[in-house]
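Asks: The structure is given below, and queries will be raised subsequently.
Read-outs throughout are calculated quantities, based only on the coordinates presented, and are distinct from any laboratory measurement. Every value quoted in this text rests on a predicted model; they were computed, and no experiment measured them. Neighbour counts are summed over all protein chains in view; Cβ atoms, including those assigned to glycine, are modelled from backbone coordinates with ideal geometry.
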Amino acid sequence: QVQLVESGGGLVQAGGSLRLACAASGRTFSNNAMGWFRQAPGKEREFVTAINWSGSTFVADSVKGRFTISRDNLKNTVYLQMNSLKPEDTAVYYCAARPTAWLSTNNYDYSYWGQGTQVTVSS
């Protein structure tokens, strides 16, 4: 059974940093694109960033220059380093995996999802 488990969320003041981790089990995702999405209350789930099998990344404009995605294929884990956090970054953050190696910003292209981790940024 495939599982994605996020960790690292919490409460942080504006300007602070958090590092999220997404640990995969049940199969290896080293050849798959992985992504991070977020959903704030009353809003649709939105793309944050993604990384493909070779390490190429794509980042949403709203977080560009502040968030960085990385992966450790030996640990089957993907990370999201979030710096200079703003109150508008408050959301539940989800890790997701595609069944292919290629990047996508569309959540419908991702087959596996974690349960989400709450990130709250206070002003």
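Asks: Rounded to two decimal places and with Rh computed the Kirkwood way over Cα pairs, what is Rg over Rh for the chain?
Replies: Working: Rg = 13.3 Å, Rh = 14.1 Å.
Ratio value, two decimals: 0.94.
Asks: Could you estimate the translational diffusion coefficient of region 3-42 from the Stokes-Einstein equation, with Rh from the Kirkwood formula over C-alpha pairs, at 37 °C and 0.692 mPa s, in whole µm²/s?
Replies: Numbers: Rh = 12.6 Å.
Answer, rounded: 261 µm²/s.
Asks: At q = 0.25 Å⁻¹, what base-10 log of I(q)/I(0) does the Debye formula yield for region 25-87 when every alpha carbon is treated as an equal point scatterer in vacuo?
Replies: Each listed q corresponds, in turn, to -1.09.
Asks: How big is the Kirkwood radius of region 52-123, worked out from every pair of different alpha carbons and given in Å to one decimal? Please report the intermediate quantities before stating the final value.
Replies: Working: mean 1/r = 0.0738 Å⁻¹.
Result for region 52-123, one decimal place: 13.6 Å.
Asks: Around residue 53, what is the net charge, scoring Lys/Arg as +1 and Asp/Glu as -1 over all other residues with Cβ under 11 Å from its Cβ? Spell out each step's value before the answer.
Replies: Details: positive: 71, 98; negative: none.
Once all neighbours under 11 Å are counted, the net charge is +2.
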